[in-house]
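Chemist: Submitted below is the structure of interest, expressed as structure tokens.
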Amino acid sequence: MKYRRILRYHGLRRPRVRQTWNKYNLYNLMFLKDPRNTARTFFQQKWTAKALTRGYHGEHIKERQWDRMFSRRLLSVVDMKPQYMATNDGSEQAAGRGSGLITGKPKPVNKATPYMQMTFAPMERRLDIAVFRALFASSARQARQMVVHGAVKVNGKKMVHPGYLLNPGDLFQVNPERVMTATGRPRILNEKLPFEKKIKNLAKKNEQNAEAEAEGKNESPEEAAVIGETKSVGSIGEAALKLQKQKELRALMLRAKEVVKAHRDMSGKKKVVVRALVKDIKDTINKAAKRDTSLQQTGDALHDLSVLVSKLELSEEELAKKAASDAEAAKTGSRFVQPLVRLTDAEREIIEKELLLERENPVDPSKPYATPWQPRPYMPAFAFIPRYLEVNQKICAAVYLRHPVARPGLAEVPTPFSETVNQLAFNWYLRRG
Amino acid sequence: MNRKQRDFYRWLKNVGSKVRDPPASGNRPSYLGSVKSSSDSAALKPFPANDKFVSQPVLSEEARERIWKSVMVTGLPLKAVSAQYGVDMRRVAAVIRLKAIENEWEASHKPMALPYAKAVLSMVPVADLRQSDQPFEAINDIPVHKYTQQQLFVPTSESRHFTRADAAKAFGEHILPPDEKMRIPELIQFERDIAEGVKPQEAQDNFVTAAARSEDELAAKESARVERDEARKLRIESGRFEFRFEKINVDSSGKDGRSRRGVGWRYGVPFNDRRRAVVKIPTKVE
């Protein structure tokens, strides 16, 4: 196999800015300066500028190929205001002595159009570079690989040529899984994330609490007797089953209450609590499924929760009975009062919202990226979308609206180099003198 | 570790950490420009050495929804929506195309990249297209023609009323004046109405009517073209294949027989579609 990539791709000694989101690249980009051109021949200046700019713009493309793509015609536009067009026919610019009337007011100075920044505009038409510019890949080389591996569609058809030149109006789509892998934090095998440890600790604590409650204060002598009886018989009796259901539901509701409490918390605590709830729901429904075959885990926490609540919650009649027995126990000074935890509608709504958010970005060890998905480090510094693309991030699709253009004061080609460097490179490709 | 590596890690720890992760809450882009200088103009410059490139806002989810609704639900013409929000017509069309795919995915429960979308939209500057907002982009950009980039000296009489149309003609017979190159020429009439004292609501209604009419005309023209093309073809369905017959003119291959409009293989003319070292990447996908 031909090894296309040069060694020392991101160097500190001989820095080259590349089309990647790498941290070394970030550093090199920060300290990028124009080369010192004093006491150098014009040829030397152009040579250095060409080397620098080509190290960034399509460094994976052969020089011959780019040479064919290069165009000396640089596209630019002027914004014509309809208001001006409606009230003037242009003759006012030739009034007076031929350059407009002198009104005493200073004339607005038009900003220069930075044409030289458009030197590498034809490169932005390439499919692989457009995929990188739409933020679907973390480097141009990765984007190229996505195309070659068949993860990119153009106008609904698979396109395997990274050198395909997009036409205005072309719609390209990338497989969302590939995009999430490319732009997400990489998964480290067997790594325990901090929140996983926290969830484990929380679960342990919860279990201990539940056990303590069950064994210590909450078990009435009759219930204990029932449990003892069933244990000796070997099959769970009706009363014990009900008690167990109640206990499970109570633990679950307590956990749900925690979610409501942490609802406004902006720190990581909310995530930990929500994930713990999801885990609890999973465990509870698994336990319940063993008893009741009509129940089944769907993997959807939101659905599971509603099923659990409807199946495990006591009926109104039983609730009334329980309230009466509680009151009696309170009267007699018995310490076996167990308040039933119930969720209000508002609380349920909050929990549903949180679970929905959690469902969007779940923990899933089968994914090739770290879950829950997070953007890779230093992505914010590179995250911009040029105006010639219209991107829909949800479906990982984008439309190439038009070719990049220059307008007064702005050029749309994303290039890290100054006008001086780009001009020298442009002159190199003009192949004159 | 050498000095350069030490400097690198020190920078990454002190300064680089500012752009490492997306902002904890809200939408706040953090580019290298903001690290280098605290001025407002530098905040949106991802390349510190290139001050001619700015990270411009993108449409937020809310804005896309708004555009989609005004076209697909309210039924406004594209030109009117474009003028209302200050969004290029091509972008309006693209938003609707993409939204259609999104809706299709949603209906078929196809998994979408939701956390990714959320993260990206928290990192880039976004525009919501509210009523009071600035126009999103220039909607009447006119491409600069190569012929108009030269300086020209045209001798005319002093008394002559020399307009844009005359200037265009001076650059070349086929050069169009800007009035004819406008993407939404109806806006000029709208501004003229406003300048002449027509009530804003009335002028707006006139503009929407004119925009709808021009779009209908374009649609009618396109459907007529499709019909004309179809009339020239004879389709025969044979179960497995559909045969399409079309009348061909032998002379369309030109005098030397090599014109690209010629059809089929011609004697003596090489057919290069399987030769090696010839670029076979498609030039368009339909």
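Chemist: Sort the stretch A:1-73 into rounded, prolate or oblate with this rule: let a ≥ b ≥ c be the square roots of the eigenvalues of the Cα gyration tensor; rounded if a/c is under 1.5, and if a/c is not under 1.5, prolate when a/b is larger than b/c, oblate otherwise.
Modeler: On the way: a/c = 1.79, a/b = 1.04, b/c = 1.72.
The shape class here is oblate.
Chemist: Still on this model: Going by C-beta contacts inside 10 Å, put B:Asp229, A:Asp128 in order with the fewest on the left.
Modeler: Details: B:Asp229 10, A:Asp128 27.
Taking fewest neighbouring Cβ atoms as first place, the list is B:Asp229, A:Asp128.
Chemist: Would you list B:Glu158, B:Glu104 from fewest to most Cβ contacts within 10 Å?
Modeler: Listing B:Glu158, B:Glu104 from fewest to most nearby Cβ atoms yields B:Glu158, B:Glu104.
Chemist: When a/c is below 1.5 the answer is rounded, else prolate if a/b is larger than b/c, else oblate, so apply that to the stretch B:58-127 with a ≥ b ≥ c taken from the square roots of the Cα gyration tensor eigenvalues. Could the numbers behind the result be given before it?
Modeler: On the way: a/c = 2.69, a/b = 1.33, b/c = 2.02.
Note, shape of the stretch B:58-127 comes out oblate.
Chemist: Scan around A:Thr113 for amide H atoms under 5 Å from its own, H built in the peptide plane at 1.01 Å from N, and keep only partners 5 or more places away or cross-chain.
Modeler: Excluding prolines and chain starts, which carry no amide H, the hits are A:Gly409.
Chemist: Out of residues 5 or more away from A:Arg187 or on other chains, whose amide H comes under 5 Å of its own, with H placed 1.01 Å from N in the peptide plane?
Modeler: Under 5 Å from the amide H of A:Arg187 lie the amide H atoms of A:Ala370, each far enough along the sequence or on another chain.
Chemist: Angle check, please: helix B:186-195 long axis (alpha carbons) against the longest principal axis of chain B (alpha carbons), in degrees 0 to 90, nearest 10.
Modeler: Around 60 degrees separate the two axes.
Chemist: Calculate the mean, over all residues of peptide B:129-141, of how many other protein chain Cβ atoms lie within 10 angstrom of the residue's Cβ.
Modeler: Average per residue, whole number: 2.
Chemist: Could I ask something else about it? Is there a simple number for the mean count of other chain Cβ atoms within 10 Å of the Cβ of residues in A:408-418, and what is it?
Modeler: That works out to 4 on average.
Chemist: Further question on the same structure: Sort all Cα-Cα distances of the stretch B:1-118 into consecutive 5 angstrom bins from zero, then give the percent of pairs in each bin up to the one containing the longest distance.
Modeler: Values per bin, smallest distances first: 2, 9, 13, 14, 12, 14, 12, 9, 6, 4, 3, 1, 0, 0.
Chemist: Oh, and also: Could you work out the pair-distance distribution P(r) of chain B from its alpha-carbon pairs, with 10 angstrom bin width and percents rounded to whole numbers?
Modeler: Answer for chain B: a P(r) of 5, 14, 19, 22, 21, 13, 6, 1 percent.
Chemist: A further question on this structure: Regarding the stretch B:107-219, what's the average projected area of the Cα-atom convex hull, expressed in nm²?
Modeler: For the Cα atoms of the stretch B:107-219, the hull's average projected area reads 14.2 nm².
Chemist: Over the whole of A:354-366, what's the average partner chain Cβ count within 10 Å per residue? Rounded to a whole number, please.
Modeler: Other-chain Cβ atoms within 10 Å of each residue's Cβ, averaged: 1.
Chemist: Arranged by the count of other C-beta atoms within 10 angstrom, fewest first, what order do B:Asp179, A:Asp34 take?
Modeler: A:Asp34, B:Asp179
Chemist: Please give me, ordered by residue number, the trypsin sites (Lys or Arg not before Pro) of the stretch B:114-197 that lie in loop per DSSP and have at most 12 other Cβ atoms within 10 Å.
Modeler: Qualifying residues, ordered by number: B:Arg130, B:Arg160.
Chemist: In nm, to one decimal, how far is the modelled label at B:Ser25 from the one at B:Asn103, with both set 7 Å along Cα→Cβ?
Modeler: Rounded to a tenth, the inter-label distance reads 3.5 nm.
Chemist: Rounded to the nearest 20 Debye, what is the dipole magnitude of the stretch B:58-127 about its Cα centre when Lys and Arg each give +1 and Asp and Glu each give -1 at the C-beta?
Modeler: The calculated dipole for the stretch B:58-127 is roughly 180 debye.
Chemist: Springs between alpha-carbon pairs under 10 angstrom, Gaussian network model over chain B: which of B:Ser132, B:Ser60, B:Ser238 fluctuates most?
Modeler: B:Ser238
Chemist: Test of understanding: in a Gaussian network model of chain B with alpha carbons linked when under 10 Å, which of B:Gln84, B:Gln201, B:Gln150 would top the mean-square fluctuation ranking?
Modeler: Result: B:Gln150 has the largest fluctuation of those listed.
Chemist: Using just the alpha carbons, could you tell me how many Å³ per residue the convex hull of the stretch B:1-55 encloses? Please report the intermediate quantities before stating the final value.
Modeler: Values: hull volume 5.1 nm³, N = 55.
Hull volume normalised by residue count: 92 Å³.
Chemist: Go ahead and set up a Gaussian network model of chain B, Cα springs under 10 Å, then flag whichever of B:Pro22, B:Pro270, B:Pro177 fluctuates most.
Modeler: B:Pro270
We did not get these values from a lab; they are worked out from the coordinates using the rules stated. These numbers were taken from a predicted model, which means no experiment stands behind them. For neighbour counting, all protein chains shown are included, and Cβ atoms are generated from backbone atoms with ideal geometry for every residue, glycine included.
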